[in-house]
Amino acid sequence: MEIFEERTVVQNILPPAKTKAEHQSDFDLFLNHFKLILEHQEIILNTPKYFQILLERFHVGTSITGIAYIPLGVLLLLWRDEELICQCPECNGNSYIFQAGGSLLSGDHRYTAICPECKRCFCGRASSFGEIYSPICSILKKYPNTETILKRRTTTFSWGQGLVGKPTPDEVIDSGIPTIEFKSLIKLLDKALEGRG
Ligand SMILES: [Zn+2]
């Protein structure tokens with residue numbers, strides 16, 4: 001078949017497609033095992049297939065820039081550098097921001113954080129969006145996970161025959177860094193804890 005046009009597209013990998021209930025179940029695991037994740041952060045930081053895990057709720061965005069998903073490893077690096085940390089309104093303990101959004105027009109910037117002691121999430125307001133956005137972006141671009149897709153257009157129009165040729169499906173040339181399911185990571189960390197104790 002004659003190939004008329006080819007182009008490669010590089011795009012960021014998105015969180016796995018799941019139902020609302022599945023996303024919620026991942027998030028509940030995050031909430032209930034957050035201390036376990038912090039305790040085992042070295043394993044996650046040193047293992048790309050754990051580092052690059054994305055949850056639907058790990059993101060930052062504005063109406064202008066759109067949403068950027070933040071891998072678990074990037075969040076851990078930020079928290080280790082004492083970025084994206086705030087105080088829990090209940091116990092006053094350190095809490096960890098994992099989601100933020102703002103409107104550059106209205107100047108209303110909000111975040112969601114998790115308190116490991118209270119095992120709860122809460123929302124807060126940031127004084128400026130840059131306070132949250134700048135540290136995330138500077139670390140995020142050091143750890144990209146992208147897929148490369150070859151798109152081929154193999155049909156063409158002919159006055160005599162109309163549309164000629166069959167469309168060819170996209171081909172994934174490079175699928176990026178593979179990750180494991182979040183629930184599998186929690187199981188592994190649980191086992192690591194048992195093994196130690
Ligand atoms: Zn608390």
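The values are calculated or read from the model by the stated rules, or taken from the named source; none is laboratory data. Everything quoted here is computed from the prediction, not taken from an experiment. Positions of Cβ are backbone-derived with ideal geometry, glycine not excepted, and every protein chain shown enters the neighbour counts.
Has region 13-24 got at least one residue that is touching a helix residue (DSSP H, G or I) at 6+ places or on another chain (Cβ under 8 Å), touching a residue at least 60 places away in the same chain (Cβ under 8 Å), under 19 Å from GLY176 (Cβ atoms) and more than 16 Å from the ligand (Cβ to nearest atom)?
no
May I ask you to say which residue of TYR96, TYR143, TYR111 is among the hydroxyl-bearing types (Ser, Thr, Tyr), within 21 Å of PRO15 (Cβ to Cβ), surrounded by 14 or more Cβ atoms within 10 Å (Cβ to Cβ) and away from the ligand (no atom under 16 Å from the Cβ)?
Within the list TYR96, TYR143, TYR111, the selection yields TYR143.
What's the number of the only condition in (1) touching a residue at least 40 places away in the same chain (Cβ under 8 Å); (2) in a strand (DSSP E or B) that CYS137 fails to meet?
Failed condition: (2).
Can you run down the residue pairs with Cβ atoms below 6 Å, 6 or more apart or on separate chains, where the first is in region 171-197 and of a type outside the set (Lys, Arg) and the partner is assigned to a helix (DSSP H, G or I)?
ILE177/PRO48; PRO178/LYS49; THR179/LYS49; ILE180/LYS49; PHE182/ASP26; LEU185/TYR50; ILE186/LEU29; LEU189/LEU36
Could you tell me whether any residue of region 12-24 is under 19 Å from LYS191 (Cα atoms), assigned to a loop (DSSP other than H, G, I, E, B) and out of contact with any Cys (no Cβ under 7 Å at 6 or more places or on another chain)?
No, region 12-24 contains no residue that is under 19 Å from LYS191 (Cα atoms), assigned to a loop (DSSP other than H, G, I, E, B) and out of contact with any Cys (no Cβ under 7 Å at 6 or more places or on another chain).
For region 77-88, state whether one or more residues are hydrophobic (A, V, I, L, M, F, W, C), touching a Cys at 6+ places or on another chain (Cβ under 6 Å) and modelled with pLDDT of 95 or more.
So far as region 77-88 goes, yes, one or more of its residues are hydrophobic (A, V, I, L, M, F, W, C), touching a Cys at 6+ places or on another chain (Cβ under 6 Å) and modelled with pLDDT of 95 or more.
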